[in-house]
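Peer 1: Right, I'll just put the structure down here and ask away after.
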Amino acid sequence: MVNNDFWVLFAMLLYFIVVVIIGFVYAKKSNENSDNYFLGGRGLGPWVTAFSAEASDMSGWLLMGLPGVAYFTGASDAMWTAIGLAIGTYLNWLFVAKRLRKYSEVAGNSITLPDFFSNRFHDKKNVLMTIAAIIILLFFSIYVGSCFVTCGKLFSTIFGLDYATMMVLGALIVFLYTFVGGYLSVCTTDMVQGAIMVCALVIVFVGSVAAAGGVDNTIAFLQSIPGFLSGTQTATPLLGEDGKQLVENGLPLFGDASTYGIITIVSGLAWGLGYFGMPQVLVRFMSVEHSSAIRQSRIIATVWVVVSLSCAVCIGLIGRAVIPTTFLTQASAENIFIVLSQMLLPSFLCGLVISGIFAASMSSSSSYLLISGSAVARNIFKGLLKRDATDRQVMICSRITLCVILIFGVFIAMDENSSIFKVVSYAWAGFGASFGPLIIMSLYWRRTNFAGALAGMVGGAAMVFLWHEVIAGFGGIFAVYELLPAFVFGLACIVVASLLTEKPEQGILDEFDHYMEKDC
């Protein structure tokens, strides 16, 4: 360990100073009006858009949760999830990004996702806007908590300091630059953080292969663990009464490999569906400077995701060969990236690489805070409670919301034994099923109406809870990741409700017929 190492602290301090400065640099422009604060005035270039979308999406889950799963139970779960995410990323950029950029401007110049839903269906009472805002508030509060868990685990593992204290400190740093700089500072820091994240992953991946004695030795050791490198089996750690993996003669003990069947493979791939409903990604599509920049952004984003996910999974696998008995629970295994960085790198470089973990957490939690603030301030406060609210009042409401969600996220993150992977999977399913089907049908199906939109959003969200809490308990085919059945159910609700009710009014149909002709 490099506890209290001056150069590690110095490197991380430099990083913190840079992101806070970025926040203050953009403070003046962001605070000119709520459009700039929440969407950056639709002025993001292709590189910033791509890096910001992916860095804000992946969070500390990429550098801690995913490698932790690979370290503890082998390749299957992490690999199929990564493949699903890579496919979902590409398809989302291909089929949604350009259309949403154009339609969000045609539909009342919408600057938030709830805005778009209400404007798209000419919802004068703002029912869709309000429900969407409530869903965002609910699931992003969970997401923010998972990011703060990352901060706490990071600092407590590196410096041996109290988890709760370090978690709160990390949360306050994120809050500061989000509160001051708004969307522009968040996206700019995301680009810096995205670059740090991918560099950190590549460096530690290469270093861990060398530390394990080369590719051949690493593969030989991992193949000796039943099912560890298989795509259709998963390793089964033998656990003691304390819930920790048993160790004998300096080696971790595993039982016979468990079958990783088609249902679990489909569950992993189903993660890709979540992208169609992720507010932090969709809002980046809405904010790009021109739809013509989407193609370049798609290429950049896809390459970033494939490289990052591949390295993250491999780090977890190789980590088991380098330090096979260091982590005896899945929650503790989520520190594998941190410990390998400490072992392999000089202190200053280790500090920069470890900043990549904090970068991942910061980029995501800042986006979650900002989108939640916009949902409450613009879509609930102004859209429902006080329609004549001034821009200043909207901004004040947003910042109050940031404070409340900060406190709630800290409360959720107080349990340091939380598994980041499990916490994120629940919120991911919630967003994917609530908004994903509606986004696709809004952009592609002319007949979609208000009733269908409402049914799809509520039905998808409700099915996530029902499937996760009740139906999945029956096992077998019902054990599939709740996102898949909830997504399909949401689509069915939109189609059935739309066909059983009146078709959209002519003004809505005219907008749909011509929105792709808009030069924006």
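Peer 1: So what J values fall out for segment 88-96 if you push phi through Karplus, 6.51 cos²θ - 1.76 cosθ + 1.60 with θ = phi - 60°, rounded to Hz, Gly and Pro as x?
Peer 2: x, 4, 5, 5, 5, 5, 6, 9, 10
Peer 1: Here is a follow-up. Direction-averaged shadow area of the convex hull around the Cα atoms of segment 418-520, nm²?
Peer 2: Values: hull surface 33.6 nm².
Result: a mean projected hull area of 8.4 nm².
Peer 1: Please list, in chain and number order, the residues 5+ apart from L239 or on another chain whose amide H is under 5 Å from its amide H, with Hs placed from the backbone.
Peer 2: L246
Peer 1: Would you calculate, for the chain, the mean residue ellipticity at 222 nm contributed by helices, counting each DSSP H stretch of 4 or more residues as -39,500 (n - 2.57) and dividing by all residues, to the nearest 500? Kindly include the intermediate steps, with their values, before the conclusion.
Peer 2: Working: 22 runs with 360 residues, N = 520.
About -23000 deg cm²/dmol.
Peer 1: Suppose the Debye formula is applied to equal point scatterers at every Cα of segment 246-306; what is log10 I(q)/I(0) at q = 0.14 Å⁻¹?
Peer 2: Taken in order of the listed q values, log10 I(q)/I(0) reads -0.67.
Peer 1: Given H placed 1.01 Å from N in the peptide plane, which residues other than close sequence neighbours of Q233 have an amide H under 5 Å from its amide H?
Peer 2: Amide H neighbours of Q233: Y260.
Peer 1: Counting just the Cα atoms, what span does segment 32-175 cover along each of its three principal axes? Round to the nearest Å and put the largest first.
Peer 2: Dimensions of segment 32-175 along the principal axes of its Cα atoms: 53, 35, 31 Å.
Peer 1: If you build the Cα gyration tensor of segment 178-284 and take the root of 5 times each eigenvalue, what three semi-axes come out, in whole angstrom, biggest first? Mind showing how you got there, number by number?
Peer 2: Working: eigenvalues 266, 95, 48 Å².
Semi-axes from the Cα gyration tensor: 36, 22, 15 Å.
Peer 1: Something else: Using only Cα atoms, figure out Rg for the chain and give it as a multiple of 2.2 N^0.38 Å.
Peer 2: Here the answer is 0.95, to two decimals.
Peer 1: Quick one: Cα convex hull volume of segment 212-251, Å³ per residue?
Peer 2: Values: hull volume 3.5 nm³, N = 40.
It comes to 88 Å³ per residue, whole-number rounded.
Peer 1: Could you give the length gained on full extension between R446 and A195, defined as 0.36 nm per residue of separation minus the Cα-Cα distance, in nm? Can you show the working numbers first?
Peer 2: Numbers: separation 251, 0.36 × 251 = 90.36 nm, distance 3.97 nm.
In short, 86.4 nm is gained.
Peer 1: Quick one: grab the alpha carbon gyration tensor of segment 99-142, order the square roots of its eigenvalues as a ≥ b ≥ c, and give me rounded if a/c is under 1.5, else prolate or oblate depending on whether a/b is larger than b/c. Walk me through the numbers before you get to the answer.
Peer 2: Values: a/c = 3.38, a/b = 1.52, b/c = 2.22.
Oblate.
Peer 1: Under the Karplus relation 6.51 cos²θ - 1.76 cosθ + 1.60, θ = phi - 60°, what is the ordered set of whole-Hz ³J(HN,Hα) values for segment 475-490, x standing for Gly and Pro?
Peer 2: Per-residue couplings from phi come out as x, x, 5, 6, 7, 4, 3, 4, 4, 5, x, 5, 5, 5, 5, x Hz.
Peer 1: While we're here: Which value, in nm² and rounded to one decimal, describes the direction-averaged projected area of the C-alpha convex hull of segment 266-387? Walk me through the numbers before you get to the answer.
Peer 2: Working: hull surface 46.6 nm².
Mean shadow area of the hull around the Cα atoms is 11.6 nm².
Peer 1: Relative contact order, percent, of segment 380-520 when contacts are C-alpha pairs under 8 Å separated by at least 6 residues?
Peer 2: On the way: 125 pairs, mean separation 35.9, N = 141.
Relative contact order of segment 380-520: 25 percent.
Every read-out reported here was derived from the displayed coordinates using simple, explicitly stated rules and does not represent laboratory data. Everything numeric in this text was worked out from a predicted model, so none of it was measured.
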